[in-house]
Amino acid sequence: MTVTKKTLEYVLIGGAGAPNYGDELIVQGWIKYFEQRKVNAKVYLYENIASNMSKLHGASAGSVELIFKDDLVKIAKNIQKKLSFWEQVIRGYRFIEKQGFALYDHYDLSVFERAESVHLHGGGYLNNYDPEKGFYIGLAAAVNKHFGTKIIATGIGFGPVEAIPARYKGIMREVFSRFSKFELRDVDNYRVLSRSIDAECFAYGLDDCYLLPINDIVRKSTDGKKRLFLSFINYNVGKVTEMFWNSLREYSAQFDEVLFFESYPWEDANVFKVVSANIPNLRLISVRDSIPNGITAGPDDVVFTSRFHVHFVFSRFGCNGFYSKDSKYYDVKHQSILDRGSNFKFVNFSEIFNVEFGQKNTSYIAFNDALYCAQKKLLADSFYSS
């Protein structure tokens, strides 16, 4: 007699689908995690643009069926008047009791009534830049309240958001207390949330990119070439001075290859034009290549980046590099990597830079990569195996 294994259903919610390199890396990590668990599962990923997710990640991974949806972001944005982040949390928490499933019956939300769990996966999508996504926190808590479903948040890059109004403190305590864990990837926002809300769920932990060992993300080059990786952001690439471009152009001549690392294709098309106009022989590495195929790099390669996950990946690999930031948002993000032991140095894009590195292979973050990966897997296993 053949026994058919039960197909388990899991819901993950996040901010991927633009696509953005960091968000897609996190999604790839969770797909690999479920595949390695070797269970029959349907994994519903509610992200930004479902069609982009399907093209990049496919529809299945072994015994795991992937179902990409973008219903929740559409519901979150479907409001008559602008709501604050915390008002969206409350809207999500009251969604079920206010007959939200019936109001949005043109979407099939039935999985929320039967799923094993609901999981807000990592990324920096919970903030005032997209306040509607506060809805996700409230909805997850509502699913727990009405159906008893396990809920968790991992690797969250929270903020910036406004301080919680005093009149909302009670309901926020109720909402967050329903999470088994609400893991923050940086200490700043862990402190803000844990001091603002009296709930035991908050944990200072790790970015979800640690679901993937670094050797699954970066392949060590064997061709002896020395590479320079460049990663700039659209909103401030125009502030880079001619003085900096001149010094970078001179420095780039020492390398066999100079590569532009694409993170956000919609914006980076313009960034690539600006950088290639100043740096000769520049080659593009696209998200559609780097996510499924990985990156080739060597320990002597050097990185200049404004992007968070570019800094994260190459520092984990042990490369030397420079990072730039000009806002509290990026200051917190890059600081979280420095706190883990990155040896990247700050560089000001309005000045001539000075390239001075210490001893090779002194990157503390690279030395401890296996430890951090094990820590992240332990958190995932404690939730999904319970």
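All of the numbers you see were taken from the coordinates with simple rules; none came from a lab. As the structure is a prediction and not an experimental result, all values here were calculated from the model. Because the Cβ atoms are built from the backbone with ideal geometry, glycine has one as well, and the counts that use them run over all protein chains shown.
Observations, loosely collected:
- With contacts taken as Cα pairs under 8 Å at a separation of at least 6 residues, segment 8-212 carries a relative contact order of 22 percent.
- Taking Cα atoms only, the orientation of helix 265-278 departs from the longest principal axis of the chain by about 10 degrees.
- As a ratio to 2.2 N^0.38 Å, the alpha-carbon radius of gyration computed for segment 8-212 takes the value 0.96.
- Loop-resident sites, segment 298-374, for trypsin sites (Lys or Arg not before Pro), counting at most 15 other Cβ within 10 Å (DSSP): Lys360
- For segment 123-219, the list of chymotrypsin sites (Phe, Trp or Tyr not before Pro) that fall in a loop by DSSP and count at most 15 other C-beta atoms within 10 angstrom reads Tyr129.
- Gap separating the Cα centres of segment 91-148 and segment 270-294, nearest whole Å: 37 Å
- Structure-derived log10 I(q)/I(0) by the Debye sum over Cα atoms at q = 0.10, 0.14 Å⁻¹: which label, when the choices are (1) -0.70, -1.36; (2) -0.80, -1.11; (3) -0.66, -1.23: (3)
- Taken about its Cα centre, segment 214-368 carries a charge dipole of about 240 debye when Lys and Arg each add +1 at the Cβ and Asp and Glu each add -1 at the Cβ.
- Length added when fully stretched, Ala166-Asp256, from 0.36 nm per residue minus Cα-Cα: 26.6 nm
- A helix-only calculation puts the chain at -12000 deg cm²/dmol for mean residue ellipticity at 222 nm, using -39500 (n - 2.57) for each DSSP H run of at least four residues, averaged over all residues.
- Radius of gyration over Kirkwood radius for segment 95-152, both on Cα atoms: the Rg/Rh ratio is 0.97.
- Placing pseudo-labels 7 Å out from each Cα toward the beta carbon at Ser63 and Ser386 gives an inter-label distance of 2.4 nm.
- Gain on full stretching of the segment that runs from Ser177 to Arg37 - 0.36 nm per residue minus C-alpha separation: 47.6 nm
- Of the residues Ser252, Phe322, Cys209, the one whose Cα sits farthest toward the positive end of the charge dipole of the chain, with +1 on the Cβ of Lys and Arg and -1 on the Cβ of Asp and Glu, is Cys209.
- Measuring gaps between exposed loop sites in the chain (GluC sites (Glu not before Pro); DSSP loop; at most 15 other Cβ atoms within 10 Å), the longest gap, sites not included, is 201-350.
- Magnitude of the charge dipole for segment 278-386, about its Cα centre and with charges confined to Cβ atoms of Lys, Arg (+1) and Asp, Glu (-1), is about 240 debye.
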